[in-house]
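For reference, the structure discussed in these notes is given below.
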Amino acid sequence: MRVDVVSIFPEYLAPLELSLIGRARATGVLDVAVHDLRTWTHDVHRTVDDTPYGGGPGMVMRPEPWGEALDALAPPGAEPPPRLVVPTPVGAPFTQAMAHELAAESRLVFACGRYEGIDQRVLDHAATRMPVTEVSLGDYVLFGGEVAVLVIMEAVTRLLPGVLGNVDSLAEESHAHGLLEAPVYTKPPSWRGHEVPEILRSGDHGRIARWRRDQALLRTAARRPDMLAALAPGELDKKDVAT
Ligand SMILES: N#Cc1c(-c2ccc3cc[nH]c3c2)n[nH]c1N
């Protein structure tokens, strides 16, 4: 997968060099390039923002540098076009399902907004020649899109083939089956008066699997009833409701 990230703070994306993502890049699973939006400015002050039409606080990111950046990174006519991913408070919620969708793309271009956001015409024009996904991490406000790109890149990269050593963990983790994960334990069996649930030390893998499923259902019902309500038909079987 080829990923291009455009930001006025490219140094914010330095963590993409670390750990799993760094290893994915080193092994060729992932090719990442970070670009400074100011590369595509032409004035002495390398201006990327201006006052908002209609008035209001703050500044808006000018369309011209973004237009030239996207022309350079996604030349008109190049096939297949990349998916443009724009972190924004007004975007669709970023979910594990969306992480899987993005992980299936061959090319992604991330546009990191700042100030009050990017001139809407940048997204409207991009949408005439590439798929555009506006995505939000959650209902809170950040200074810009860079942190969101780091989160999205971690969630996507770990789904790429060969990145995670143990692919089994993908199958059991929270949100993998629309449920939260069961609690996890390791040695010692007793710690500060807290014991590991006996079932997990029984060696009875059938009962352990049942216990984990029950714990996942109980946790999800208690903490994320919305996820339980959203389970696809058939996700719950008769063993899940047996008393
Ligand atoms: N994703 C996301 C965001 C943001 C965000 C993204 C881009 C910009 C550009 C200026 N301000 C921004 C906030 N805030 N909260 C989220 N969940």
On the basis of being within 16 Å of the ligand (Cβ to nearest atom), in a loop (DSSP other than H, G, I, E, B) and touching a strand residue (DSSP E or B) at 6+ places or on another chain (Cβ under 7 Å), does G113 make the cut? yes
Residues R62, R83, R46: which one is open to solvent by 50 Å² or more (accessible area, probe 1.4 Å), more than 10 Å from the ligand (Cβ to nearest atom), among the basic types (K, R) and within 14 Å of V109 (Cα to Cα)? R83
Being loosely packed, with under 15 Cβ neighbours inside 10 Å, of a type outside the set (A, V, I, L, M) and within 16 Å of the ligand (Cβ to nearest atom) narrows it down to one of T88, T95, so name that one. T95
Subset of segment 123-142 [more than 6 Å from the ligand (Cβ to nearest atom) and assigned to a loop (DSSP other than H, G, I, E, B)]: A127, T128, R129, M130, P131, D139
So A26 ticks every box in (1) exposed (fewer than 15 other Cβ atoms within 10 Å of the Cβ); (2) under 26 Å from the mean Cα position of the chain (by Cα); (3) under 22 Å from V147 (Cβ atoms) but one. Which box is left unticked? (3)
Of everything in segment 94-109 that's in contact with a Leu (Cβ under 8 Å, 6 or more places away or on another chain) and of a type outside the set (G, A, S), which residue is farthest from G145 (Cα to Cα)? H100
Return yes when H175 is closer than 16 Å to H100 by Cα and either within 16 Å of the ligand (Cβ to nearest atom) or in contact (Cβ under 8 Å) with a residue 12 or more places away in the chain (or both) and no when it is not. yes
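A quick yes/no check of all residues on (1) at pLDDT 95 or above; (2) in contact with a helix residue (DSSP H, G or I) (Cβ under 6 Å, 6 or more places away or on another chain); (3) open to solvent by less than 50 Å² (accessible area, probe 1.4 Å):
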| position | (1), (2), (3) |
| --- | --- |
| L164 | no, no, yes |
| D168 | no, no, no |
| E172 | no, no, no |
| H175 | no, yes, no |
| S190 | yes, no, no |
| H194 | yes, no, no |
| P197 | yes, no, yes |
| S202 | yes, no, no |
| D214 | yes, no, no |
Yes or no: S106 in contact with an Asp or Glu (Cβ under 6 Å, 6 or more places away or on another chain) and more than 16 Å from the ligand (Cβ to nearest atom)? no
Limited to segment 37-73, what total is found for residues that are free of Cβ contacts under 8 Å to residues at least 40 places away in the same chain and assigned to a loop (DSSP other than H, G, I, E, B)? 11
Check on Y53, surrounded by 18 or more Cβ atoms within 10 Å (Cβ to Cβ) and modelled with pLDDT of 95 or more: no
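The values are calculated or read from the model by the stated rules, or taken from the named source; none is laboratory data. Keep in mind it's a predicted model, so treat the numbers as computed, not measured. All Cβ positions, glycine included, derive from the backbone under ideal geometry; neighbour counts span all protein chains shown. Just so you know, the surface numbers come from the protein's heavy atoms only, side chains and all, with ligands and any DNA or RNA stripped out. Shrake-Rupley method; radii C 1.70, N 1.55, O 1.52, S 1.80 Å.
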